[in-house]
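Have a look at the structure below, then the notes.
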Amino acid sequence: MNYFKNNAGLLLGLLVLPVCFLLSVFISNDAVSSAELWAALLGQGGGTARLILLGVRLPRAVAAVCCGAGLAVSGLLLQEALGNHLASPGVIGVNAGAGLFVLLAALLLPYSPVLRGGAAFLGAVCAAGLVYGISRRAGASKTMVVLSGVAVSSLMSAFSQGIITFWPDTVADKVSFSLGGLKGIDPAQLGVSAGIIAAAAVAALLLSGGIDLFSLGDEAAAGLGLDVRRWRVLSILCAAVLAGAAVSLCGLLSFVGLMIPNLVRIAAGGSCRKRLLLCCVWGSSFLLLCDVIARTAFYPYELPAGLLLSCLGAPFFIWLLLRRKGEGRHA
């Protein structure tokens, strides 16, 4: 009984995730009905339904699972490594750095998904390194981390917009890339990104034992035998890999890495390992559901999932700021 009570959030998430996945694959407003898609899955449908199912819907749903999990875990790692619950790949510029390097790779090497994924990782690392270096130089306060991230994100985004303006062919849909979306998933890129995200998620689980000690403070963690600097750098690198792989696949999706880790921390708490698993499950479910709503709510128009995420994430960010202020007042 205690096992089910302690893991209720994870067990519920494991029930919700397949439901959201099926909704993403089979909810339909277009010329092919849900019944035709079901028939195609069972090998009984026509060629058009089968083509849409295998070439569009399934890759899109798998991409949502990978990107949702990757961004949520990336956000949790950054928050723990930087000691700031407002940190996330979107807020501190990691996504923007990955996006800039993805565009550079698309401009210079347009037909190489592996190099595109590598470029995304390099951009994410560069952005995270800049934020970490600037905040350390300016005082290393929690507020300075966020402010440094905003500055780096703005700089990277400006360069990205310049590339899109002068070389619009670098991305098929510049609005979807800038806001983040799951339309037109490249199967080759999906395979590369999914493999990277899976490997990095396993690495994050292996790091979780040391990450738990961050909450004790650097001196206490070092006294227990943890190489704090090394563990922090590894955590940030792992977060950069996850964010870079997600951005190379779905564009500049924001707020998943902010909302899900904080909601998991508030609702469930527990060890870092438990929270990582919860982030994987609920991050995937959340992005799947957001994509379904964005795709169907205003049919025949399809909105990028990132637009809905921004509408949800901005008020959530403000709420977090007010909550932190309230906690500080009562401390």
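Looking at Gly68, Gly43, which is the one that is in contact (Cβ under 8 Å) with a residue 60 or more places away in the chain and out of contact with any Lys or Arg (no Cβ under 8 Å at 6 or more places or on another chain)? Steps first, answer last, please.
Working: Gly43 fails: in contact (Cβ under 8 Å) with a residue 60 or more places away in the chain.
From the options Gly68, Gly43, the qualifying one is Gly68.
Considering (1) farther than 30 Å from Gly210 by Cβ; (2) free of Cβ contacts under 8 Å to residues at least 24 places away in the same chain, say which one Pro300 fails and leave the rest.
Here Pro300 meets the rest and fails (2).
Of all residues in the range 301-323 being of a type in the set (Phe, Trp, Tyr) and out of contact with any Phe, Trp or Tyr (no Cβ under 9 Å at 6 or more places or on another chain), which is nearest to Lys183 (Cα to Cα)?
The initial filter retains those residues of the range 301-323 that are of a type in the set (Phe, Trp, Tyr), namely 301, 316-317, 319.
From the residues that got through so far, the ones that are out of contact with any Phe, Trp or Tyr (no Cβ under 9 Å at 6 or more places or on another chain) too are 301, 319.
Values: Tyr301: 13, Trp319: 30 Å.
The qualifying residue nearest to Lys183 (Cα to Cα) is Tyr301.
Which one of the conditions (1) in a helix (DSSP H, G or I); (2) touching a residue at least 24 places away in the same chain (Cβ under 8 Å) does Ile266 fail to meet, given that it meets all the rest?
Among (1) in a helix (DSSP H, G or I); (2) touching a residue at least 24 places away in the same chain (Cβ under 8 Å), Ile266 violates only (2).
Filter the range 258-292 down to the residues that are in contact with a Lys or Arg (Cβ under 8 Å, 6 or more places away or on another chain) and surrounded by fewer than 23 Cβ atoms within 10 Å (Cβ to Cβ) and list them by number.
Residues of the range 258-292 that are in contact with a Lys or Arg (Cβ under 8 Å, 6 or more places away or on another chain), as a first pass: 261, 264-265, 268-269, 275, 291.
If the condition is that a residue be in contact with a Lys or Arg (Cβ under 8 Å, 6 or more places away or on another chain) and surrounded by fewer than 23 Cβ atoms within 10 Å (Cβ to Cβ), then Arg265, Ala268, Gly269 are the ones that fit.
Which members of the range 262-293 meet the condition of being under 18 Å from Leu182 (Cβ atoms) and either modelled with pLDDT under 90 or β-branched (Val, Ile, Thr) (or both)?
Hits for the range 262-293 are Val292, Ile293.
Give me the pairs, please: first residue somewhere in the range 160-175 and closer than 19 Å to Ser254 by Cα and loosely packed, with under 14 Cβ neighbours inside 10 Å, second residue anywhere and basic (Lys, Arg) and modelled with pLDDT of 70 or more, beta-carbon distance under 8 Å, and either six or more positions apart or on two chains.
Close Cβ pairs (under 8 Å, with a partner that is basic (Lys, Arg) and modelled with pLDDT of 70 or more) amount to Asp173/Lys183.
Of the numbered conditions (1) buried (at least 17 other Cβ atoms within 10 Å of the Cβ); (2) among the small types (Gly, Ala, Ser); (3) at pLDDT below 90, Ala69 satisfies every one except a single condition; which is it?
(3)
Does Val102 fit the bill of being closer than 30 Å to Ser33 by Cβ, crowded, with 21+ Cβ neighbours inside 10 Å and either under 19 Å from the mean Cα position of the chain (by Cα) or touching a residue at least 40 places away in the same chain (Cβ under 8 Å) (or both)?
Values: closer than 30 Å to Ser33 by Cβ: no; crowded, with 21+ Cβ neighbours inside 10 Å: yes; either under 19 Å from the mean Cα position of the chain (by Cα) or touching a residue at least 40 places away in the same chain (Cβ under 8 Å) (or both): yes.
It is false that Val102 is closer than 30 Å to Ser33 by Cβ, crowded, with 21+ Cβ neighbours inside 10 Å and either under 19 Å from the mean Cα position of the chain (by Cα) or touching a residue at least 40 places away in the same chain (Cβ under 8 Å) (or both).
For the range 105-126, give me each residue that is touching a helix residue (DSSP H, G or I) at 6+ places or on another chain (Cβ under 6 Å) and free of Cβ contacts under 8 Å to residues at least 60 places away in the same chain.
Selection gives Ala105, Leu109, Leu115, Cys126.
Can you find, within the range 216-226, the residue that is surrounded by the most Cβ atoms within 10 Å (Cβ to Cβ) among those that are assigned to a helix (DSSP H, G or I) and in contact with a helix residue (DSSP H, G or I) (Cβ under 8 Å, 6 or more places away or on another chain)?
The residue in question is Ala221.
Taking the condition of being assigned to a helix (DSSP H, G or I) and touching a helix residue (DSSP H, G or I) at 6+ places or on another chain (Cβ under 7 Å), how many residues in the range 164-211 meet it?
Of the residues in that region, 23 qualify.
Please determine whether any residue of the range 210-219 is touching a residue at least 24 places away in the same chain (Cβ under 8 Å) and acidic (Asp, Glu).
yes
The values are calculated or read from the model by the stated rules, or taken from the named source; none is laboratory data. All values reported here derive from a predicted model rather than from experimental measurement. Note that we place each Cβ from the backbone using ideal geometry, even for glycine, and neighbour counts take in every protein chain shown.
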